[in-house]
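This report concerns only the one structure given below.
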Amino acid sequence: MKPLATYFKKKYNTVLNRILPSSYYPTRPFNLNEVNMDDLITQAAEDLAAAGKVTALTGAGISTESGIPPFRGKGGLWERFDPMEIAHIDAFLRDPAKVWTILIKEMKAIMDTAKPNDAHKGLARLEEMGKLETVITQNIDGLHQAAGNTDVIEFHGTFAWQRCMDCSRKFETSKVDISEIPPRCSCGGILRPDAVFFGEMIPQDAMWRSRQTATDCDLMLVVGTSAVVHPAALMPVIAKESGAKVIEINPEKTPLTDETSDYLIKGGAGDVMNQIIEKLGQIS
Ligand code: NAD
Ligand code: ZN
């Protein structure tokens, strides 16, 4: 497409995007095959500048650049393990020592030292700029809080604490003695992560607040999630149906990409966030 035509198409779309809610469009206002990465970064910065309430939904992919492997995708844990064998509550109840040995010990070693990366810092910067209110995260690594976001809904709980299965006392994970597996509370009960295993309910307050936040937002940034774990993956759908724009940041397409997202910015979360923030700084 010629540069002038591209210019008019972008202007036309920007104006339309501001007049009509994104859910109005039967299809996207532009053809993704015709736009390049720079255009999408600019579009995202413009959309953020124009939006009132902005929410982010994040998944394991935002933390890969901090050295924490995701479940799915390249280098994911599922390349080595069967999820139902080690991350399902039934598997844990059947053999807590096995799940501690294979999964939890490794996660503890990685998460004890993991630091926020540019993508976490970018979301914290967006909050500082007054452009992001709430982060709904499926992650259990605490890196959004470490980066500085103040309103973080931990949809799947947290790995920062272990909970006694008998008396519910909590222990800071980094301080838990793992010389004996499974580690135990002083009451003799087995410790488990204060996070949600497959097969368990989402904490009610996290579920309620996430739905509310998704309903109320004008724009949702969906960063580093494969969008296959439910009900977390429904939050962008709720946002979209409530009239919000949905922008995905991920190196891969997801089930949201064709059905729900306004557009996908294909790339690593740190790099993309850095570029969006730089652009946003120039236009606002
Ligand atoms: P997932 O493992 O199913 O998918 C990861 C997604 O991130 C993929 O779509 C992949 O393409 C994308 N990705 C990989 N590298 C990326 C990068 N640099 N930038 C942006 N995206 C990138 O993750 P999920 O959808 O969050 O579901 C897995 C579940 O497992 C979550 O519910 C979470 O509770 C748990 N989990 C958490 C952690 C963590 O706390 N860091 C790590 C692994 C799994
Ligand atoms: Zn106890």
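The values are calculated or read from the model by the stated rules, or taken from the named source; none is laboratory data. Since the model is a prediction, treat every value here as computed from it, not as a measurement. Backbone-built Cβ (ideal geometry, glycine too); neighbour counts: all protein chains shown. All accessible areas refer to the heavy atoms of the entire protein, side chains included, with ligands and DNA or RNA removed. Shrake-Rupley method; radii C 1.70, N 1.55, O 1.52, S 1.80 Å.
A few points about this structure:
- Residue match in region 159-167 (condition: open to solvent by less than 50 Å² (accessible area, probe 1.4 Å), within 28 Å of Lys245 (Cα to Cα) and in contact with a helix residue (DSSP H, G or I) (Cβ under 7 Å, 6 or more places away or on another chain)): no
- Among the candidates Ala87, Ala119, residue that is open to solvent by less than 40 Å² (accessible area, probe 1.4 Å) and at pLDDT below 95: Ala87
- If the condition is being open to solvent by 40 Å² or more (accessible area, probe 1.4 Å) and assigned to a helix (DSSP H, G or I), then region 250-280 contributes Pro255, Asp258, Glu259, Asp271, Asn274, Gln275, Glu278, Lys279.
- Checking each residue in region 206-236 for being among the hydrophobic types (A, V, I, L, M, F, W, C) and either open to solvent by 40 Å² or more (accessible area, probe 1.4 Å) or at positive phi (or both) picks out Met207, Trp208, Ala227, Val228, Leu234.
- Verdict on Pro69 being within 16 Å of ligand 2 (Cβ to nearest atom) and open to solvent by 20 Å² or more (accessible area, probe 1.4 Å): no
- For beta carbons closer than 6 Å, sequence separation of 6+ or different chains, a first residue in region 174-192 that is hydroxyl-bearing (Ser, Thr, Tyr) and a second that is more than 15 Å from ligand 2 (Cβ to nearest atom), the qualifying pairs are Ser174/Asp112.
- Just one residue in the set Ile247, Ile283 is over 24 Å from Gly75 (Cβ atoms) and surrounded by fewer than 21 Cβ atoms within 10 Å (Cβ to Cβ); that residue is Ile283.
- Across region 100-138, the number of residues qualifying as closer than 27 Å to Ser210 by Cα, hydrophobic (A, V, I, L, M, F, W, C) and either without any contact (Cβ under 8 Å) to a residue 12 or more places away in the chain or touching a His at 6+ places or on another chain (Cβ under 6 Å) (or both) comes to 1.
- Here Thr42 meets the list (1) out of contact with any strand residue (DSSP E or B) (no Cβ under 7 Å at 6 or more places or on another chain); (2) outside any helix (DSSP H, G or I); (3) among the polar types (S, T, N, Q) almost entirely, failing just condition (2).
- Filter result (open to solvent by less than 30 Å² (accessible area, probe 1.4 Å) and away from ligand 1 (no atom under 15 Å from the Cβ)) within region 130-158: Leu132, Thr134
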